[in-house]
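The structure appears right after this line, and notes come after that.
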Amino acid sequence: MKRRDFLKFIGIGGVGAGAGFVLGKVSKPPGAKLIPYLIPPEDIVPGVATWYASVCTLCGAGCGTLVRVMEGRAKKVEGNPGHPVNRGGLCALGQSSVQALYNPDRITKPLKRKGPRGSGEYAEITWDEALKTLAGNLTELKSKNESEKLHLLASPLGGTIDRLAGEFVSAFGSSNYSHYGLFQRKNLAFANLSAMGTASVPHYDIENTKYLLSFGADFASTWVSPVNYSNGYGKMRQGAGERGKLVQVEPRLSLTGASADEWVPAKPGTEALLALAIANTIVEKGLARDASAWRGVLSRYKAKDAASVCDVSVERIEAMAVEFARTRPSLAIAGDSVSSYENGVSGAIAVNILNQVAGNIGIIGGVMPNGDDLGNGKKIDFGRKISTLISAANAGKIKTLIVYGANPVFTTPKAARLEEALSKVPFIASFSSFMDETTAHADIILPAHTSLEDWGDDFPDPGVAAPVASLIQPVVGPVFDTKSLGDIFIELAKAVGGNVAGKINAPNFAEYLKASWKGLYSRNREMAAGTLGFEDFWNKALQRGGWWGPSRKRTATVSARAGEHLAGTPARFEGEEAQYPFYLIPYAQTAYMDGRGANLPWLQELPDPMTSVVWGTWVEINPKTAASLGLKEGDMVNIESPFGKISAPVYLYPGIRPDTVAVPIGQGHSHYGRYAKGRGANPIEILPFKEDPLSGEAALNSTRVRITRGATGERMVKMEGSTKELGRGIVQTVSPSEFKRMKKEVV
Amino acid sequence: MAPHHMSDNQTGNAISYKEVNDDVVRTMTETGKWYYIALAGAFSGFLAFWILPWAYQIYKGQGVSGLNTPDFWGIYLTNFVFWIGISHSGTLLSAILFITKTPWRRSIYRSAEAMTFFSVATAAVFIFVHMGRPWNFYWTMPYPNQRQLWLNFQSPLMFDVFAISTYATSSMIFLYFGSIPDLAAVRDRVTGWRKQVYSALALGWRGTDSEWHWLFKAYTFFAVFIIPLAVSVHSIVSWDFALSKVPGLAKTIFAPYFVVGAIYSGSAGIVTLMIIFRKAMKIEKYITLNHFDKLGMLLLVMSLLWSYINVIEVFTGWYANTSAENETLIYRMFTTPYAYMFWLMIVTNTILPLLFIFKKCRTSILACLVVSLGINVGMWLERYLILTTSLPRKFLPYMWHDYIPSWVEISMTLGSFCFFAMLFLLFVKLWPSVSIYEVKEDIGIPMRRGGGHH
Amino acid sequence: MPGFLERIAGKLKSYREPGYYTKLDHKWTMVIDLDKCNGCEACVVACYAENNLPVVGKEQCEKSRAFSWLRIERYVEGEYPDVKVKFIPVMCQHCMKAPCETGCPVYATYHNQDGLNVQVYNRCVGTFTCATYCTYDVRRFNWFTYKWPKPLEAQLNPDVSVREMGVMEKCTFCIQRIRSAKDTAKDEARPVKDGDIKPACSQSCPTGAIYFGDMQDPESVVAKLAKSPRRYRLLEELNADPSVIYLKRVMGDGTSSHE
């Protein structure tokens, strides 16, 4: 780059970032003006970094971030050390959000479909035309009195943008606003609603627990709030107190399982029974703290019955029970190996009962229920499932579908026939910034900003047993001709007019957000402490990344009512065992999560922590199973369920049950940019279309498969040379007893 | 020069002095069709197999080779060591045999010395080939500069720079000094542009007693000087590897191992070259079976030495009994494809040369050709194995990664042989490739006329 | 002339003072608690983001030419169901007796006054010697000139140079952060405080397993942690005297009391 160009670029970035931060006019295209550097913008000094506090939106955890900006460019996203959710750390996915911002495959302008649906052929249009087209479509719907036929499908949004979207839909006259994501954790929320009365994931106080019994919760990689839990994990292991123990129950040793002291590979689908058997053993041995309501129900789950069903010895169940009850405090968490089944709610409730029996609820180092501290009144509508949307579309009840963030075409099984349903929707609009599989079906695309360019806020769910409100602010000017998501709704409301425009009458989303926070401020008196009015509070919040208050301890009791939802039988898997001998465990990979990370080059090249595979999909098979099938590492196999077939290369993985195979979710995109497209396979495709009937959460562990040798295909590339340490003392260890002795000596 | 007796006559038949001059000058002036074909072949091979791929590599980056993390050294360095090895016996042999006054040296030493020089040149180019930024090669030289950048004299590569440049210079001078009387002889026989060139090269040699005296002194000095130099050069080359900590490379025995290996492969190289050379140039009467008999003995001795050190090397690795050494040995000796190479090397370098115990084999041109070629293949494999079976099995097993050479590397390996052949072909045309005056010493005093040596 | 000679003599004398070669301004040290590390690889991405590491693609990854200056090595022991998996983050160990430093003929890699093993990209001629000598396989080579498709290049960190084809590179302990912390301290007329400097990996680590500081400061966190009985260094028997100290993972001996 020439020096002159370089200076020019600095100028452009400067205008963008300055305008974004000061005025909120983020939609101004970059390069509209070049300001000579005689009078540089206040927050831009060449060579000196400016840090903006914001929130990571790549998953739902809501980690606070600090974004390093130089010359109007976002350089790095780091965890905000002051933020109570992540306390300075940030996961691989979150740190890659700069690559989402500067992704070369972003949708740079509003698009209108040219070719047939799904072909991905689009023509560029102006924002005026795009808004006019969509508004015209909506006005027509309204004039025909078919307002109810507008559906808005979004990723699980939170905070003010969620309220705005909801307001827009309801002001338009429709009640169809639903959220969808592969990992919405609705099972946990539902279980907690029925058990403890709040439909939210509680705060698991991993930091202070001394015995963590995790039912397949892969919190080291993606589960619920990975950075928060990992931070707790670090302190649990080597914090001030005694070292806590981690026991992982799951059929496939996950990244978290790799750090566990004990791995209990119970039979897939039976883990909830194991949890109940442990609870019952605690009761039977008289170690229970509060089992009054549960004695009767639990007596059905004898350790010796469970032993054969779960493939875990009676002695081990009893030992776990004793240790779980005696170690104070202990904590059981309901991860994927109880909640990813068709009766996931039941599994999560079983774990709640276990916590209740051991007396872990509402204590430090146990389960700390979250409440609606800030009075947001957010509710999860368990009735809104993707299946409802599909049947509505098939019944012609959807005339216009607006999609944002969610990518159901990729994350629902082929058996759901979602694409067929979408073909019956006359008009689909997408606000996505990326050409994902669902957006490729859209008739019109109005690309929204990524979160580094946009305003917003976030109320982390799960909370951290303390009130937290975080602010998202634009850290750079828009890279492309995109608009703030909130502004799209506001401008759309103006274009539609009528009561929609009347209801949503903010000049722009930044103002709308500020007004919303004014309400928050007036509702919560403690926010006012130490501030000189709202403006001062607002500026401080922007500076810090939000506002958070002191911890609030709540307690709850798992009510006997929750017992209604206990299934009491192992979760069912589709496919006959004789024909389909293996359980299929599709799991969220550390980097790609539900597939959203696959378009980010850093994450594609990030070796999977357990297999070291990069740029592709693999099938984890136990070496003994592979030997019996005559398979070597790297051999291509077909994985066939009653619902379809995918193929991927074999990875020999000793950390998996011989009757189980596991495939990471995230690859197998047919769109989604150059890094993701046409790479690997998507295991969701071959799943049955199953949801938990109560919560509507997708059941991922729900089918059996068979493995056959496949044609040669994509090669598997792994970074590891050998997994054997060969006694070279590379990763040295001390035994727990030795460690105890060491600690004594030091003290 | 040296005192001699009739019994020293290595050439067997009675040849007249004139005949010698005629024969040698003939190799330079009379050029057949096949020579041009061979030269054109070698030159185009050099161009196509070396220069073009190298240009491609410089343009694209070292990535076009098969090198990777941790196998940062591959065929390029193999070739470097191989050619340095080949270079070793020429001059070294010539010098040792000169000092020990071994008579059978006379008809072969000139081309052996040339071989040294050309293979050093070939090896030197490989240093540049294997560099990431060859255009900065001069940074490895100590030259005054404003930023006071200096070199790291701890680095064995630094030793290499000095050792090899000194060695190349000395061998060149050694070759040149020994050739002066012959260049004068050629000068006296040719006309036209050749006359001018050789007049200049002959430095006005007239063949006076004092000239002979000083030439002999200078030549002896260089012969003595070059022996420790040659030994040090290959020791230093070995230290490039041995000063690392890499299992399979960090061996104290490497210096003698490499020197022995170098002389071994160099002598085999001479044998091969002589067989081709005497046939192509029709000078069988100067390079006789007697020469091959002697060279065969040398090869046999070197083979035994080399095999002994090889066993010791494996033994020390095994005796250390560390995981790193063991894995390297297993990888080298029992893992495909390296096991094939290793055991082939043992066959060609240890077992096959045992044939030379028998005089029949030593004096059979076919046997000599087969064994010497075998040794050279084996010695190339030895260097290849040292690098490609040590680096892929370093200390952290997670980073183990095999090395597979790319077409660029293989092509440049072929190209280096073409380059060497090209240089040698030019040499035989432009330089008296058999020492005229020393062969005459062999012939002895002509019967009809008494007098001096010339 | 006498002045010049005196200067030389003085210099030679100073070289002979005990501790001349080992006396450092700082001794930056990293302590990694393997009992905290859960292998999530956040540090790896942080390193990519901070140090302008190129993404090379599947084919180059297959040739083992990925650029991760920091990698999480994973070792597996045992067979189902007694499988033990262990992680260890490995980056340049900044050895005090670094094998790589003796190898480089042009001093492109040397030890600086901060106890860091530094790599001068501009001086590197690409002999690969440092990388082959490195006992930890942490050096990465620019096999090609790598490109960032637009506008990804906007993310590149201006504090770190983008390397050209043919040079070697490796973990620097985020020397740009060390520099900026030192500058700030200088501006504020104070010495660098413990905790002023956090390399990208340490900053991002969700479990807080990576500590960084000056070993010469006895009050620093790393100096205290380095006294831990769990302390060990990677391949210590090779005597490279690495500046990265690992704390042993606490792990059962495989015979679970429940079986």
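Derivation of every value follows stated rules applied to the coordinates shown; laboratory data play no part. None of the values given here were measured: they were computed from a predicted structure. Positions of Cβ are backbone-derived with ideal geometry, glycine not excepted, and every protein chain shown enters the neighbour counts.
At a glance:
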item	result
Cross-link pairs beyond the 29 Å C-alpha cut-off, checked among B:60/B:245; B:285/B:359; B:279/B:440; A:114/A:142; A:245/A:285	B:60/B:245
Taking A:54, B:44, C:180 and counting other C-beta atoms within 10 Å, the order from fewest to most	B:44, C:180, A:54
Unsatisfied cross-links (Cα-Cα over 29 Å) in the set A:76/A:718; A:304/A:379; A:112/A:514; A:740/C:170; A:75/A:385; C:27/C:170	A:304/A:379; A:112/A:514; A:740/C:170; A:75/A:385
Three principal axis lengths of segment C:25-247 [C-alpha, angstrom, descending]	59, 44, 37
Rg ratio (alpha-carbon, reference 2.2 N^0.38 Å) - chain A	0.96
Mean projection area, nm², convex hull over Cα of segment A:229-368	7.9
Charge sum, other residues only, whose C-beta stays under 14 Å from residue B:53's C-beta, Lys/Arg counted +1 and Asp/Glu -1	0
Highest to lowest packing among A:193-206, B:313-326, C:101-114, scored as the average C-beta count within 10 Å	A:193-206, C:101-114, B:313-326
Residues whose placed amide H lies under 5 Å from that of residue C:73, excluding near-sequence neighbours	C:88, C:90
For q = 0.05, 0.06, 0.08 Å⁻¹, Debye-computed log10 I/I(0) when each Cα of the protein assembly as shown counts as one equal scatterer	-0.49, -0.66, -1.02
Average beta carbon contacts from partner chains per residue of C:137-146, 10 Å cutoff	5
Stokes-Einstein D (µm²/s) once Rh is taken as the Kirkwood radius of segment C:117-259 over alpha-carbon pairs, at 25 °C in 0.890 mPa s	132
In sequence order, calculated HN-Hα J values of segment A:295-310 (Karplus, 6.51, -1.76, 1.60; Hz; x Gly/Pro)	3, x, 4, 5, 4, 6, 9, 7, 4, 6, 5, 4, 3, 6, 5, 8
For residue A:52, net neighbour charge (Lys/Arg +1, Asp/Glu -1) across residues whose Cβ lies under 10 Å away	0
Chain B - mean residue ellipticity at 222 nm from DSSP helices (-39,500 (n - 2.57) per run, n ≥ 4, rounded to 500)	-22500 deg cm²/dmol
Proxy reagent accessibility, fewest Cβ within 10 Å first, across A:97, B:307	B:307, A:97
Mean Cβ neighbour count within 10 Å, used as a protection proxy, ranking A:602-613, A:382-393 highest first	A:602-613, A:382-393
Global size of chain B as Cα Rg and Dmax, reported in angstrom	23.0, 80
Surface/4 of the Cα convex hull for segment B:251-399, nm²	9.4
Highest average packing first - A:170-178, A:291-299, Cβ atoms within 10 Å	A:170-178, A:291-299
Separation of alpha-carbon centers, segment B:385-399 and segment A:71-109, rounded to whole Å	38
Peptide A:559-565 - average C-beta neighbours from other chains (10 Å radius)	0
Per-residue Cβ neighbour rank within 10 angstrom, fewest leading, B:409, A:124, A:167	A:124, A:167, B:409
Lys, Arg +1 and Asp, Glu -1 on Cβ, resulting dipole of segment C:25-247 about Cα centre, debye, nearest 20	240
From phi via Karplus (6.51, -1.76, 1.60), per-residue ³J(HN,Hα) for segment A:191-203 in Hz, x at Gly/Pro	4, 6, 5, 6, 8, 10, x, 10, 7, 8, 7, x, 8
Relative contact order (%) - chain A, alpha-carbon pairs under 8 angstrom, separation at least six	17
Under 5 Å, built H, 5+ apart or other chain: amide partners of residue A:180	A:154, A:155
Contact order relative to length of chain B, as percent, for alpha carbon pairs under 8 angstrom and 6 or more apart	34
For residue A:656, residues with placed amide H under 5 Å, excluding near neighbours	A:253
Cysteines without a disulfide-compatible neighbour (Cβ-Cβ under 4.7 Å), chain C	C:37, C:40, C:47, C:61, C:95, C:104, C:124, C:134, C:174, C:205
Average other protein chain Cβ within 10 Å of Cβ, residues A:63-72	1
Cα-derived Rg over Rh, computed across segment B:222-337 with Rh taken as Kirkwood radius	1.10
Neighbourhood charge, 10 Å Cβ-Cβ cut-off, centred on residue B:78 and excluding it, Lys, Arg +1 and Asp, Glu -1	-1
If the convex hull is drawn through the Cα atoms of segment A:582-718, its volume per residue in Å³	105
Phi-based couplings in Hz for segment A:408-420 (Karplus 6.51, -1.76, 1.60; Gly and Pro marked x)	x, 5, 7, 9, 10, x, 4, 4, 6, 6, 5, 4, 4
